[in-house]
Structures are given as structure tokens and as C-alpha cells.
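To keep things clear, I will list the structure first and then write my remarks on it.
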Amino acid sequence: MPSAGNPQCIPPSAWPQNAPAQQSAPAGPSWKLTWGAIAIDLDSGDVGTAVGKLNKRKAEREALDRCQANGARGCKKVLFSYQNQCAVIAWPAVVGVGAGVIAQSGATVAAASEIALKRCAGTSVGDSGKCRIVYSECSDPVLVSR
């Protein structure tokens, strides 16, 4: 007769190798961070933007394409890329002077605007303090199914 503590005292259904396999819960939706980008033609001041793209390369390509679609011939530079943030463009009083254009990101449009306006006002073309926000957008995460 088997003694207590002997594996033969345990019914076969309780043996670990006979336990039903645990099934993991199906993967639910998840948050995916998104990218935004700003492209500019420094000669004409034309701008193209993209927001909500799933990768940096797509955001930058779309911003360049949109800048060129606006008629800019020299739109070959991505001024700024950002992920899961808000971004603004501060424009100086002297329009079309690319050196004074400021792109800034932040947790909110208000936070990015505050920094951008201070930076713009400190440039030689923005000394008059007449910088203004001409673009603001947030690249928020999106909920994706698995």
C-alpha cells in the first residue's frame, strides 16, 4: 500500500503533466505611438506638415510631399520630426526668412507655443516681438487591434 507523500497517493488528474494547458488571454488592442513632421522651403517659406504617421520616415516623406505640393521647389529639408507630442511653428514678423522660423515640440500645444515664441523673439528677425504661432498639431497615439 502506498504511503502518504508518495506520488501514487495523488489521483492522476492532479498530476502536473495531466493538468489542462493554460490558455493565455487573447491579445487586446494596444496603443501605438505616432509621428509628425514639418518640412520647409527656406527660400519661399512654404511649409508641409504630416501628423499621425506610424513611423518617422512616413511622416517626413509626407511633410516633404505636401510642401512640394504647395508649390515649393526647394522643399528638401525636414525642419522637425516628433513622436507622440504636440508641435508648433512660430513665424517671425519678417515672413519668408527661414532662419527665423522656429519649430518646437512639447507635451501640449500651449507648452510648445510658449517655448517657440520665446525662441522666435530672441532671433534677429523676431526682435520686434511680433512672432506668432502659424501651425499647431498633436501626434497622438492610436489604438490598434492585434
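Since every read-out is calculated from the coordinates, none of them should be taken as a lab result. Source: prediction; values computed, not measured. Every residue, glycine among them, receives a Cβ derived from its backbone with ideal geometry; neighbour counts consider all protein chains shown.
In a simple Cβ point-charge model (Lys, Arg +1; Asp, Glu -1; nothing else charged), region 31-141 has a dipole of about 260 debye relative to its Cα centre.
For region 31-141, averaging the sequence separation of C-alpha pairs within contact (under 8 Å, six or more residues apart) and dividing by the residue count gives a relative contact order of 29 percent. For the listed peptides 38-44, 69-75, 28-34, a ranking on the average number of other beta carbons within 10 Å per residue, highest first, reads 38-44, 69-75, 28-34. For the listed residue pairs K32/K77; K53/K130; K77/K130; K32/K118; K58/K130, the alpha carbons are over 30 angstrom apart in K53/K130; K32/K118; K58/K130. The residues packed around C86, meaning those with a beta-carbon under 14 Å from its beta-carbon, carry a net charge of -3 if Lys and Arg are +1 and Asp and Glu are -1. Once backbone amide H atoms are built at 1.01 Å from N, Y135 has I89 as its partners under 5 Å, excluding neighbours fewer than 5 places away on the same chain. From the square roots a ≥ b ≥ c of the eigenvalues of the alpha-carbon gyration tensor of region 48-114, which class results: rounded (a/c under 1.5), prolate (a/b over b/c), or oblate? The shape class here is oblate.
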